[in-house]
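Please read the structure below before turning to the comments.
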Amino acid sequence: MSLSKTQIKIYRTTDILAVRSLDAALWQEAYTDSFAGMHLWLAKDGAGKLVGYASLKIVDGGSTAFLSKAGVLWSARGQGLQKRFIRVRERRAKELGINNVITYTDNTNLPSINSLISCGYKMYQPARDWGLPFGKTGLYWKKKI
Ligand SMILES: CC(C)(COP(=O)(O)OP(=O)(O)OC[C@H]1O[C@@H](n2cnc3c(N)ncnc32)[C@H](O)[C@@H]1OP(=O)(O)O)[C@@H](O)C(=O)NCCC(=O)NCCS
């Protein structure tokens, strides 16, 4: 039986260890984030199992919100959870008085790219390449909220 959207709850958290553990389970890349100092969210399914996480970093002296790493376990994918994670992070940015949101993706990460397009993000070329993990294969995205 697949999970319905309403069964998955997103909540803010300071449980950095839970976020790190989901991050490690989902990412094979050689880089990791410490998530220290970031705004963090977890998602739980109806049975209380953690199925996703998202992080938000405030950068550029507090003027910009960076959608940092996020991930959804296979069992909960394809139900809009990543888009919900994007919106919840935008809401937090707004609460902080920030209207500039940026992020990057690998250019092969179609679910990630499509979730950003669905949420109204546009690609842009920053003055310097700051998406170091992906180098020249990275795509940069921004949105005014
Ligand atoms: C990227 C990821 C978070 C998406 O999670 P999700 O909850 O399944 O995404 P959503 O259900 O919100 O779908 C997002 C969009 O991607 C689309 N999509 C999903 N799978 C896709 C695929 N294989 N190819 C193309 N598009 C796809 C969906 O249709 C949706 O677009 P829509 O709004 O136009 O319908 C998830 O695949 C994941 O955890 N991947 C590994 C980690 C990662 O890449 N994290 C993101 C970068 S930090």
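Listed here are the residues, each with its yes/no results for (1) outside any loop (DSSP other than H, G, I, E, B); (2) at pLDDT below 95; (3) within 19 Å of Gly37 (Cα to Cα).
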{"position": "Lys69", "(1), (2), (3)": "yes, yes, yes"}
{"position": "Lys83", "(1), (2), (3)": "yes, no, no"}
{"position": "Val88", "(1), (2), (3)": "yes, no, yes"}
{"position": "Arg92", "(1), (2), (3)": "yes, no, yes"}
{"position": "Ile98", "(1), (2), (3)": "no, no, yes"}
{"position": "Ser112", "(1), (2), (3)": "yes, no, no"}
{"position": "Asp129", "(1), (2), (3)": "no, yes, no"}
{"position": "Leu139", "(1), (2), (3)": "yes, yes, no"}
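Where residues in the range 102-145 are away from the ligand (no atom under 14 Å from the Cβ) and in contact with a helix residue (DSSP H, G or I) (Cβ under 8 Å, 6 or more places away or on another chain), which of them is farthest from Ala65 (Cα to Cα)?
Asp129
Quick check on this structure: which one of Val72, Val19, Val51, Val59 is closer than 18 Å to Lys144 by Cβ and without any contact (Cβ under 8 Å) to a residue 60 or more places away in the chain?
Details: Val72 fails: closer than 18 Å to Lys144 by Cβ; Val19 fails: closer than 18 Å to Lys144 by Cβ; Val51 fails: closer than 18 Å to Lys144 by Cβ.
So the residue among Val72, Val19, Val51, Val59 that is closer than 18 Å to Lys144 by Cβ and without any contact (Cβ under 8 Å) to a residue 60 or more places away in the chain is Val59.
Can you tell me how many residues within the range 11-40 are touching a helix residue (DSSP H, G or I) at 6+ places or on another chain (Cβ under 6 Å) and either modelled with pLDDT of 95 or more or among the polar types (S, T, N, Q) (or both)?
Total meeting the criteria: 2.
Out of the residues in the range 51-62 that are in a strand (DSSP E or B) and out of contact with any Leu (no Cβ under 6 Å at 6 or more places or on another chain), which is nearest to Glu90 (Cα to Cα)? Spell out the reasoning first.
Restricting attention to the range 51-62, the residues satisfying the condition of being in a strand (DSSP E or B) are 51-59.
Now narrow it down to the ones that are out of contact with any Leu (no Cβ under 6 Å at 6 or more places or on another chain): 54, 56-59.
Working: Ala54: 12, Leu56: 9, Lys57: 11, Ile58: 12, Val59: 14 Å.
Checked the range 51-62; the qualifying residue nearest to Glu90 (Cα to Cα) is Leu56.
Could you go through the range 114-124 and let me know if any residue there is closer than 18 Å to Phe35 by Cα and out of contact with any His (no Cβ under 7 Å at 6 or more places or on another chain).
Quick first cut of the range 114-124, residues closer than 18 Å to Phe35 by Cα only: none.
Within the range 114-124 (the criterion being closer than 18 Å to Phe35 by Cα and out of contact with any His (no Cβ under 7 Å at 6 or more places or on another chain)), the answer is no, since none of the residues qualifies.
Can you confirm whether Met123 is more than 26 Å from Ile8 (Cα to Cα) and either basic (Lys, Arg) or at pLDDT 95 or above (or both)? Break it down stepwise before answering.
Working: more than 26 Å from Ile8 (Cα to Cα): yes; either basic (Lys, Arg) or at pLDDT 95 or above (or both): yes.
Here the answer is yes, as Met123 does meet what is asked.
Looking only at the range 48-99, how many residues end up being aliphatic (A, V, I, L, M) and either more than 11 Å from the ligand (Cβ to nearest atom) or in contact with a Phe, Trp or Tyr (Cβ under 6 Å, 6 or more places away or on another chain) (or both)?
Going residue by residue through the range 48-99, those that are aliphatic (A, V, I, L, M) are 50-51, 54, 56, 58-59, 65, 67, 70, 72-73, 76, 81, 86, 88, 93, 96, 98.
Narrowing further to those that are either more than 11 Å from the ligand (Cβ to nearest atom) or in contact with a Phe, Trp or Tyr (Cβ under 6 Å, 6 or more places away or on another chain) (or both): 50, 54, 56, 58-59, 65, 70, 88, 93, 96, 98.
Of the residues in the range 48-99, 11 are aliphatic (A, V, I, L, M) and either more than 11 Å from the ligand (Cβ to nearest atom) or in contact with a Phe, Trp or Tyr (Cβ under 6 Å, 6 or more places away or on another chain) (or both).
The values are calculated or read from the model by the stated rules, or taken from the named source; none is laboratory data. Quick caveat: nothing in here was measured; it's all calculated off a predicted structure. Using ideal geometry, Cβ is built from the backbone for each residue, glycine included, and neighbour counts are taken over all protein chains shown.
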